[in-house]
Amino acid sequence: MPDYKTYTFDEFILDDRFLRWVLKNEPADQTFWNEWLQANPDKVDLVLAARQFVSQMQQAQEELSDEELTNEVARIQMNRQKVQDLDELQPLYPQQTPTRFMNWARIAAAITLIGLGVLAFFYWQTPNTPLAIYQHTVEQHAGTLQEIHNTTNASQLVRLPDGSKVTLYKGSRVSFPRTFTASKREVFLIGEAFFDVVRRPKQPFMVFTNQLTTQVLGTSFTVRAYPDDKEAKVIVRTGKVSVFKTPPSGKLGELGGNEPALILTPNQQVTFQTHDRQLERSLVALPEPVVNPMGQPQTLIYEHTPVVSVFKKLEVAYGIMINYDADLLTGCELTAEFGPESLFEKLDLICRATNSTYEVLDAQIVIHSKGCR
């Protein structure tokens, strides 16, 4: 068996067993590589980068025609200025439709002829994947950043220099200065984490990921930005946050130039789609009460209570705006007992009692009613 501990990036992406694991993911290979990675945690970054590279090249050969693939190879050749004339590659592209195996063999051979060592070097050294961008950022701040990598199967509590708390989920990493500056608090994340931020108005708190940048003064929220996911999310628990797109350059620590920010309030979330770089704001699937002021009981009883008053209390409890026509709802009263029902279950009950309906539009709730007069 090869000594994978000594393998380089290009050796991994040409190894038959490694390719079989990435492309077919059969149970035996999955077991072997999972156990090997657990025994060699220092090789996780290299293996993940090689795995992602192989997956992307496999996807490329499936999506591109022979002509498109040839053009892409030519583009790489021109950009790198490290290879020979592309005409040498023409015999690799027969006109007949190859099998899936020959597709992969074709693109692997093309990569080899282009100069596999050079291409691997640029792939590993140039920040062009979320993991590589994050790693490049950490290396740029070498000596000033402290990194925590959660390699366990449980969440991990991380305390920041300002007293803020980060719940770091498995497989995720967070990097932050050993001491924050007086003007800002910057944190770099890849993966998923829940932040409970100490409020300091004169010292904004910023979380940078490859897809999104989140800025707050003091609040609690979740950022989910795994490197292989096609979308990223920011989910607000309490307070208010501003969310920007990370610039297409992928440089962490920069704001999105003229890109407008989305403001999120409790129980709102924003989703970033990687394919079109669009932001979409919505309510979370199960809104939770923001606070339980002065230990109010969980069971609420309403006796002939104006429904407008009930909506106002729900707005305060969940931090969600409820739009309605107060004049139309004049005369609508509610007699009900609420316990552990979700917000949407409460709204269903209220609407049935008042012959109304509701819908969620742009993270707000809109009540439609014909009135109760």
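The values are calculated or read from the model by the stated rules, or taken from the named source; none is laboratory data. Not measured: the values here are computed from a predicted model. So basically every Cβ, Gly included, is an ideal-geometry build from the backbone, and we count neighbours across all protein chains shown.
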- prompt: Hey, does segment 57-64 have a residue that's assigned to a helix (DSSP H, G or I), surrounded by fewer than 17 Cβ atoms within 10 Å (Cβ to Cβ) and either at pLDDT 75 or above or charged (D, E, K, R) (or both)?
  reply: yes
query: For segment 317-334, does any single residue satisfy the condition of being at pLDDT below 90 and within 23 Å of residue 268 (Cβ to Cβ)?
result: yes
query: Being crowded, with 18+ Cβ neighbours inside 10 Å, among the basic types (Lys, Arg), within 11 Å of the chain's Cα centre (by Cα) and under 19 Å from residue 271 (Cβ atoms), is that true of even one residue in segment 205-224?
result: yes
query: Mind checking which residues of segment 309-321 are surrounded by fewer than 19 Cβ atoms within 10 Å (Cβ to Cβ) and touching a helix residue (DSSP H, G or I) at 6+ places or on another chain (Cβ under 8 Å)?
result: 321
message: Return the residues of segment 233-268 that are modelled with pLDDT of 90 or more and under 12 Å from residue 210 (Cα atoms); say none if nothing qualifies.
response: 233
query: Hey, among the residues in segment 2-25 that are surrounded by fewer than 17 Cβ atoms within 10 Å (Cβ to Cβ) and of a type in the set (Val, Ile, Thr), which one's farthest from residue 36 (Cα to Cα)?
result: 8
